[in-house]
1. Of all residues in the range 172-183, how many are open to solvent by less than 60 Å² (accessible area, probe 1.4 Å) and either in a loop (DSSP other than H, G, I, E, B) or modelled with pLDDT of 75 or more (or both)?
2. THR59: under 18 Å from VAL188 (Cα atoms), touching a residue at least 24 places away in the same chain (Cβ under 8 Å) and open to solvent by less than 40 Å² (accessible area, probe 1.4 Å), yes or no?
3. Filter the range 90-121 down to the residues that are open to solvent by 30 Å² or more (accessible area, probe 1.4 Å) and among the hydrophobic types (A, V, I, L, M, F, W, C) and list them by number.
4. Residue by residue through the range 65-77, note down the ones that are under 22 Å from VAL144 (Cβ atoms) and either open to solvent by 70 Å² or more (accessible area, probe 1.4 Å) or at pLDDT 85 or above (or both).
5. Name, by its number, the condition in (1) modelled with pLDDT of 80 or more; (2) open to solvent by less than 40 Å² (accessible area, probe 1.4 Å); (3) closer than 23 Å to PHE63 by Cβ; (4) not in a helix (DSSP H, G or I) that does not hold for GLY169.
6. Kindly indicate whether ILE106 is among the aliphatic types (A, V, I, L, M), out of contact with any Phe, Trp or Tyr (no Cβ under 8 Å at 6 or more places or on another chain) and in a loop (DSSP other than H, G, I, E, B).
7. Does the range 82-104 hold any residues that are touching a residue at least 24 places away in the same chain (Cβ under 8 Å) and farther than 15 Å from LEU53 by Cα, and which are they?
8. Just to be sure before I move on: is ILE29 hydrophobic (A, V, I, L, M, F, W, C), at pLDDT 85 or above and surrounded by 14 or more Cβ atoms within 10 Å (Cβ to Cβ) in the structure I sent?
Amino acid sequence: MEAVAHKTRKRGFSLIEAAIVLAVVGGVIGGIWYSAAAVIDKWKAERLATAILSIVEGTRKLFPMQFWPAYEGSQISVSLDNTLIAAGIVPADMVCQNNTKICDTITGKVIGTRLLVNSATGRAIYIGVNLNTKSQANAVMTAVLTSQKGTENMASAYCADQPEAHWWGWPSQGWPPDCPSSAAGYVVFFYFKP
């Protein structure tokens, strides 16, 4: 008698099983992507904050306090961009527009740098940064203010369209910072003592 060979049929993935596997893999990749983006955004904000503080320190060395004029009823506001670039104070990756402007390392937008003498701030080194998103503005504000905790270097900091919410020195109100949108985007202003 001959043995009857039974063939077992090999079964592949069904469409539903393949869809479940793809959904799980997609969820894992999405979670990794989201986490990596948050880490990268925080790193960029801290890098920009470090560069801002480096520019401020270089400005202090270039313009010692004893050479600053006193406030005598009229505001003095001097742009520092070209002077700081020429002195080599600005990190190379922040120099833009044919070596005439300072741009931030997150968005590539121009940063304003000034020496100010007026009734509101007294004598201050001003840096204004225009960012694309609320999270970028909050992260840069938080990184700069956190680095200045316990120091006397900060005159004030605030988000555009929110001048009533200055953070004078180490912030006592509204922590962490929550920058609202302005017509120009998310603008953060820093005033440092000379």
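The values are calculated or read from the model by the stated rules, or taken from the named source; none is laboratory data. Predicted, not measured: the structure shown is a model, and the values here were computed from it. Cβ coordinates were reconstructed from backbone atoms using ideal geometry, including for glycine residues, and neighbour counts include every protein chain displayed. Accessible surface areas use protein heavy atoms only, side chains included; no ligands, DNA or RNA. Shrake-Rupley method; radii C 1.70, N 1.55, O 1.52, S 1.80 Å.
1. Going residue by residue through the range 172-183, those that are open to solvent by less than 60 Å² (accessible area, probe 1.4 Å) are 174, 177, 179-180, 182.
Right, trim to either in a loop (DSSP other than H, G, I, E, B) or modelled with pLDDT of 75 or more (or both) and you get 174, 177, 179-180.
Adding up the residues that qualify gives 4.
2. Details: under 18 Å from VAL188 (Cα atoms): no; touching a residue at least 24 places away in the same chain (Cβ under 8 Å): yes; open to solvent by less than 40 Å² (accessible area, probe 1.4 Å): yes.
Considered against the rule, which asks whether it is under 18 Å from VAL188 (Cα atoms), touching a residue at least 24 places away in the same chain (Cβ under 8 Å) and open to solvent by less than 40 Å² (accessible area, probe 1.4 Å), THR59 comes out as no.
3. ALA92, VAL95, ILE106, VAL110, ALA120
4. Hit for the range 65-77 is MET65, nothing else.
5. Failing condition for GLY169: (1).
6. Working: among the aliphatic types (A, V, I, L, M): yes; out of contact with any Phe, Trp or Tyr (no Cβ under 8 Å at 6 or more places or on another chain): yes; in a loop (DSSP other than H, G, I, E, B): yes.
Yes, satisfied.
7. ALA87
8. no
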